[in-house]
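These notes concern the structure reproduced below.
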Amino acid sequence: MYLPDHQLTLEPLRADHADALRTFELENRRYFASWIWDRGDEYFANFAAGLDARLAEQEAGICRFHVLVDDAGAVAGRVNLVDLEHGRAELGYRIAEKWAGKGLATAAVRAVVQIAAADYGLTALWAGASDHNVASQTVLTRAGFRPIGVSSTDLGPGKKYELSLEGV
């Protein structure tokens with residue numbers, strides 16, 4: 001799905017995204033760690049095996065992983081749906097630091113919401129965001145999610161959000 005305002009394409013994760021995805025994660029590691037838990041050195045040491053495992057989960061229909069890529073194939077972000085079960089899934093996303101504050105996260109989440117309903121047949125999504133990460137809470141609210149309770153994250157207390165996909 002093309003996001004014209006950002007000149008990026010939202011694509012299902014594929015094996016040929018490996019190098020660009022690894023670069024994205026490495027270049028933004030410190031930035032991501034300021035908002036969410038750090039993946040750790042082992043993630044990068046075993047990157048190829050981890051990607052293979054994610055692709056196997058996707059093939060099995062357990063999860064749906066997406067990347068935002070530019071014309072040159074560089075990854076600007078990722079939006080994932082994990083633990084698809086009983087018509088529901090958990091939403092998670094990461095946007096590169098250089099794209100922060102430009103509306104990309106909201107646009108990408110809205111696009112995945114449409115895909116989740118139309119292509120994956122999901123009926124609801126949920127997500128959590130730390131109170132430390134107000135920007136992520138704002139993205140969820142702008143994308144139509146509503147707070148339904150509190151959650152605990154690695155960075156402290158947060159909120160749990162839900163979105164019904166009925167009628168999307």
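Annotation: of all residues in segment 125-152 being under 14 Å from Thr106 (Cβ atoms) and part of a strand (DSSP E or B), the one that is modelled with the lowest pLDDT is Ala129. Filtered by the rule that a residue be touching a helix residue (DSSP H, G or I) at 6+ places or on another chain (Cβ under 8 Å) and part of a loop (DSSP other than H, G, I, E, B), segment 34-48 gives Trp35, Asp38, Arg39. I'm trying to understand the selection: among the residues of segment 90-121, which are in contact with a strand residue (DSSP E or B) (Cβ under 8 Å, 6 or more places away or on another chain) and not in a helix (DSSP H, G or I)? Result: Glu90, Leu91, Gly92, Tyr93, Arg94, Ile95, Ala96, Tyr120. Here are some residues: Thr123, Thr141. Which one is surrounded by fewer than 22 Cβ atoms within 10 Å (Cβ to Cβ), over 20 Å from Trp35 (Cβ atoms) and of a type in the set (Ser, Thr, Tyr)? The unique qualifying residue is Thr123. Among the residues of segment 94-117, those that are within 18 Å of Ile62 (Cα to Cα) and either buried (at least 22 other Cβ atoms within 10 Å of the Cβ) or modelled with pLDDT under 95 (or both) comprise Val112, Ala116.
Quick one: count up the residues across segment 1-52 that are acidic (Asp, Glu), under 15 Å from Glu97 (Cβ atoms) and either without any contact (Cβ under 8 Å) to a residue 12 or more places away in the chain or surrounded by fewer than 17 Cβ atoms within 10 Å (Cβ to Cβ) (or both).
Residues meeting the conditions: 2.
The values are calculated or read from the model by the stated rules, or taken from the named source; none is laboratory data. Note that the structure is predicted; figures quoted are calculated from it, not measured. Every residue, glycine among them, receives a Cβ derived from its backbone with ideal geometry; neighbour counts consider all protein chains shown.
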